[in-house]
């Protein structure tokens with residue numbers, strides 16, 4: 001039996017669906033647009049397709065070429081100028097997977113936090129904040145959300161994507177996009193497709209070797225759900241190379257999106273992700289960003305020479321026009337308001353609520369929730385609990401926010417005057433900088449003055465002659481045009497600082513070298529820190545024994561490959577022992593709340609899944625000092641926990657957004673009952689992950705083998721009989737729940753039909769709380785699928801002692817598998833088992849249905 005191919009969406013239907021979701025004010029203003037005799041499509045009520053054809057009929061080749069690539073001169077991430085003669089509006093695109101990346105916008109929690117809510121309603125609220133702030137800022141296209149599968153916890157963009165599971169990813173992504181587009185802002189879902197690591201990205205050395213079935217069932221499935229349910233305006237093709245072809249010129253991938261899924265929007269390249277003209281255009285890419293290298297004069301020539309049919313260019317432009325009409329931009333172009341304040345108290349409150357709902361309680365040995373009537377003191381420890389709290393990841397998903405509430409501030413405020421709350425740094429987090437080495441201890445290479453001699457190069461290898469040389473008082477920079485010497489490019493440069501260091505006292509100094517990308521430190525001719533790699537902002541430390549007033553030579557090397565340009569040489573003096581201070585604070589307190597973190601950003605992957613630096617040792621030391629130790633993790637994905645047996649409680653708070661402190665305080669004290677569930681599996685070690693060989697991650701000889709096939713995430717652990725540290729879907733509560741009475745509406749499933757599963761959920765504890773009911777499906781052995789897979793979830797709120805009946809739906813599509821031979825979805829005859837529970841490894845209820853041959 002075949003599942004029918006997803007139908008192409010009719011234009012009028014697509015517009016009606018979106019229009020129904022737009023605010024009344026938007027619809028009213030669109031209806032009032034005055035007709036324009038020079039542009040009869042303005043104020044017209046003709047079908048969108050008719051208006052698109054009217055515009056195309058008036059466009060010259062140059063007019064069309066101008067619409068399919070970006071241009072500079074804008075405050076937005078991407079910009080396509082308008083055409084006044086044809087009344088075509090400018091198109092402004094802005095980064096926005098976890099909030100609008102502009103000033104005066106709300107720093108939302110990470111996308112992983114959102115997925116951990118297992119709540120489509122929360123996803124719509126999240127998207128609504130993004131869409132509302134986009135609209136205030138004059139943004140037409142939000143570049144998000146990111147819906148790629150978290151294939152491996154080392155991926156540098158795990159935090160800005162959702163999950164290892166395509167079903168959960170598709171549902172949360174659809175809700176997010178519905179929220180964005182409800183404000184009349186286009187959402188650009190990304191990154192299409194099979195984009196799951198940063199190492200060697202956008203190069204031929206990142207060539208994914210993958211089978212067709214895995215593409216359809218794992219890596220493309222969420223996009224299909226989103227196209228069906230949310231009708232995104234556009235998609236961004238990725239930096240990946242898939243089976244020998246860059247994604248943006250990959251006809252195989254674009255056929256799945258445009259033909260199989262019926263996607264009628266336009267495809268934009270990731271920034272710099274275009275690698276050809278005719279190849280990309282003919283394969284289905286519609287817009288190059290950020291410039292016109294391939295889709296400017298080169299595309300015009302390719303059309304003129306017949307390498308790209310004019311009909312294909314018409315289709316490219318028509319797809320863009322179609323969405324501009326659909327979202328009302330012709331009648332009411334957005335204002336250019338990039339500096340307008342967009343964040344509101346309501347938006348910050350939404351950010352906090354989602355942070356609370358997405359934080360996962362992993363362990364509780366009875367110390368939680370904290371009882372403010374019995375507590376006398378709380379120690380709040382860790383670099384991430386204070387001024388360096390890690391509330392967001394990096395790269396194009398990084399949003400500054402309008403003001404951070406740190407965990408220490410939030411906990412202290414919630415505890416009130418009756419509880420003594422004290423803070424101790426303990427040690428560095430993963431990217432916290434040590435205080436910069438003061439210039440009075442540094443002498444340039446020529447022996448005159450203070451600081452170090454900086455030789456700047458216009459390449460990343462410090463080769464050739466420097467383009468600039470100067471004395472820098474300190475090595476502590478976030479480089480921009482204002483503090484970068486003339487002649488030094490914004491990207492792809494390097495610097496060597498040299499001179500001498502005169503220590504003020506004898507003893508062991510801790511040096512910290514922070515950089516994005518590579519850096520290294522040499523003291524007295526010996527390399528003591530090796531931080532030399534493409535990476536997001538990261539700190540490495542080393543201890544060096546020095547003698548008071550005895551100068552030693554010092555050299556700091558740095559290179560920047562692309563993106564942010566950050567470097568900092570810091571230190572702590574011998575008489576400074578922040579860990580000892582933290583241990584003492586912990587000993588003197590009733591409870592210790594310890595923060596640990598790991599920083600992620602696009603552009604680099606993590607080298608492992610251990611907490612960086614000495615954070616594991618710090619947690620163990622605090623736990624030895626205080627038996628009531630609670631750990632809060634700020635990470636983008638899974639990390640190992642060698643100290644787990646020593647602590648009483650563990651929260652995974654992800655990157656919680658700007659109201660981090662108030663959110664964690666509400667959870668610690670039980671004002672909010674934890675309800676988050678893991679959207680990714682937490683392995684016991686790196687050896688357990690599906691991509692555990694070098695061939696699978698990051699690849700060998702330019703090839704990345706996806707040999708695990710369908711066994712991604714929890715599917716891998718189940719199929720291999722591995723017990724992870726914490727399974728997919730897992731999360732504790734301060735109350736307890738019982739599931740009972742599973743009932744299926746029928747015993748057989750047919751194509752184009754669905755079954756309804758219903759189950760009773762009872763709150764058997766003493767607190768109100770939320771539970772996520774999860775439905776998994778096991779296929780007959782002949783289907784060749786991994787074990788039980790998520791096919792439904794619902795979040796239910798219950799007071800103590802209350803019971804609610806929850807219904808979940810199973811369709812033929814949910815039970816179908818992809819046949820590469822038939823190029824179709826198929827139902828396999830046999831017996832299917834429906835499992836219901838509260839995680840992928842705790843499924844106490846089950847029943848069956850059959851599919852007949």
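Laboratory data are not the source of any read-out in this text; all were calculated from the coordinates shown. From a predicted model like this one, the values you see are computed outputs, not experimental measurements. Glycine gets a Cβ as well: all are built from the backbone with ideal geometry, and neighbour counts include every protein chain shown.
When only Cα pairs under 8 Å and 6 or more residues apart are kept, what is the percent relative contact order across the chain? Could you put the intermediate results ahead of the total?
Values: 2244 pairs, mean separation 122.5, N = 853.
It rounds to 14 percent for the chain.
Suppose a student asked you for the relative contact order of region 214-319, using Cα pairs under 8 Å spaced at least 6 residues apart; what percent would you report? The partial results should precede the final answer.
Working: 141 pairs, mean separation 24.7, N = 106.
Dividing the mean separation by the residue count of region 214-319 yields 23 percent.
So if I take the centroid of the Cα atoms in region 725-786 and the same for region 123-157, what is the distance between those two points in Å?
Cα centres, region 725-786 to region 123-157: 28 Å.
Roughly what % antiparallel, to the nearest 5, for the DSSP beta bridges in the chain?
Looking only at bridges with both residues in the chain, the antiparallel portion is about 70 percent.
Between region 281-311 and region 627-652, what is the separation of their alpha carbon centroids in Å?
So the two Cα centres are separated by 52 Å.
I'm checking a number: the convex hull volume of the Cα atoms of region 737-851, normalised per residue, in Å³. What is it?
Hull volume over Cα atoms, normalised by residue count, gives 92 Å³.
Where does the chain land on Rg/Rh, using Cα atoms and the Kirkwood Rh?
Using Cα coordinates only, the ratio equals 0.98.
Relative contact order (percent) for region 579-674, with alpha-carbon contacts under 8 angstrom and 6 or more residues of separation?
So the answer I get is 28 percent.
Can you pull the percent of Cα pairs in region 439-572 with separation above 20 Å?
Of all Cα-Cα pairs in region 439-572, 41 percent lie more than 20 Å apart.
Let me make sure I get this right: for region 212-331, a, b and c are the square roots of the gyration tensor eigenvalues over alpha carbons, sorted descending. Under 1.5 in a/c it's rounded, otherwise prolate if a/b > b/c, else oblate. Which is it?
Here region 212-331 falls in the oblate category.
In what sequence do 572, 756, 350 fall when counting other Cβ within 10 Å, fewest first?
Least to most surrounded, the residues fall as 756, 572, 350.
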